[in-house]
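The values are calculated or read from the model by the stated rules, or taken from the named source; none is laboratory data. Computed from a prediction, not measured in an experiment: that's the story for all the values here. No Cβ is skipped: glycine too gets one built from the backbone with ideal geometry, and neighbour counts run over all protein chains shown. The protein model used for the area step is the full one, side chains on, heavy atoms only, and it has no ligands, DNA or RNA in it. Shrake-Rupley method; radii C 1.70, N 1.55, O 1.52, S 1.80 Å.
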Amino acid sequence: MRLQAVDVRLGYGDRLIVDGLDLGVETGTVTTIIGPNGCGKSTLLRALGRLLKPASGQVLLDGKRIDRMPSREVARILGVLPQAPAAPEGLTVADLVARGRHPHQAWYRQWSAGDESAVEEALRMTGLLDLAERPLDELSGGQRQRAWISMALAQGTDLLLLDEPTTFLDLAHQIDVLELVTRLRDEAGRTVVMVLHDLNLAARYADRLVAMRAGKVVAAGTPHEVITEAVLDEVFDLAAKVIPDPVAGTPMVVPIGVRGNASSR
């Protein structure tokens with residue numbers, strides 16, 4: 001396993017959010033975490049990215065305790081894109097992506113041809129080379145998300161954690177970002193863990209799904225194993241029909257209603 005959570009308990013102050021959770025992320029896969037609001041999805045992702053220290057248990061990166069690894073070493077392996085990231089006004093795409101090279105800088109090693117090449121490659125992979133000098137605030141939502149992913153790629157990491165990368169995007173831009181995630185897996189061998197709310201997009205673009213409720217994993221496996229009517233009822237209190245997606249063949253959720261209010265159809 002590339003990244004593991006082992007019996008982790010997570011919370012903020014006295015408020016416990018995740019209790020005794022185990023999770024494994026396989027190399028070269030897209031793993032998507034789903035679940036209702038407040039179930040601990042983003043909290044778990046923060047712990048996997050070493051942004052939140054577990055109250056107990058361990059997070060392992062390549063078999064090593066992530067909390068005992070030097071920050072610079074972690075940043076060279078793992079890139080994190082939080083929800084709704086913000087950048088200074090007027091910052092260009094190229095300037096933002098260049099910030100991804102900070103883990104590789106030191107007092108004795110400043111900007112190099114290797115850094116320039118890494119930034120250019122990250123922009124090429126995300127289709128933003130022609131927009132490199134454009135200010136971020138002039139881009140569409142989907143282009144901005146690709147710029148932030150470019151910054152994570154410029155770190156030279158092959159493990160990416162994306163917290164709701166499609167939030168606030170229209171459907172076309174959501175597809176744009178998720179197609180990029182697929183290319184990163186297929187063409188560059190990246191391992192991706194992300195949080196998504198849209199169940200049908202999660203099922204279409206993920207290799208593995210992790211369904212959470214109340215800080216615990218209820219189901220984990222392939223989309224066909226996780227997106228079932230029984231799991232939807234248990235995790236979301238949702239009565240639904242699950243049918244094959246006519247395009248991708250993945251499970252597609254057709255909601256009927258919430259538990260107790262569903263139609264008898």
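Quick notes on this one:
- Protein-only accessible surface order, largest first, of 243, 77 at 1.4 Å: 243, 77
- Spin-label pair residue 84-residue 137: with each label point 7 Å from Cα along the Cα-Cβ axis, the two points sit 1.7 nm from one another.
- Given a 1.4 Å probe and the protein chains as shown, residue 27 ends up with an accessible area of around 100 Å².
- Pairwise label distance in nanometres, residue 56 with residue 167, each label 7 Å out on the Cα-Cβ vector: 3.0 nm
- For residue 65 and residue 222, the FRET efficiency from 1/(1 + (r/R0)^6), where r spans their Cβ atoms and R0 equals 35 Å, is about 0.75.
- Whole-angstrom Cα spans of region 1-95 along principal axes, big to small: 44, 29, 26
- Evaluated at q = 0.13, 0.16, 0.25 Å⁻¹: base-10 log I(q)/I(0), Debye formula over Cα of region 63-159: -0.45, -0.66, -1.32
- Heavy atoms of residue 144: accessible area, 1.4 Å probe, square angstrom to 10: 90 Å²
- Separation of the residue 15 and residue 187 label points, Cα + 7 Å toward Cβ, nm: 4.1 nm
- The chain: relative contact order as a whole-number percent, Cα under 8 Å and 6+ apart: 23 percent
- Relative compactness, region 187-232, computed as alpha-carbon Rg over 2.2 N^0.38 Å: 1.19
- Ranking 222, 257, 246 by how far each Cα lies toward the positive end of the dipole of region 185-265 (charges on Cβ) leaves 257 at the top.
- In Å², nearest 10: area of residue 138 left accessible to a 1.4 Å probe: 110 Å²
- Around the Cα centre of region 108-233, unit charges on the Cβ atoms of Lys, Arg, Asp and Glu (plus for the first two, minus for the last two) sum to a dipole of about 360 debye.
- Under 26 Å from the Cα of residue 53 - lysines, other chains or at least 8 residues apart: 41, 64, 216
- Most mobile listed residue (94, 172, 239) in the chain, GNM with C-alpha springs under 10 Å: 172
- Here the relative contact order of region 107-265, from alpha carbon pairs under 8 Å that lie six or more residues apart, stands at 13 percent.
- Sorted largest first, the principal axis extents computed over the alpha-carbon atoms of the chain equal 67, 41, 32 Å.
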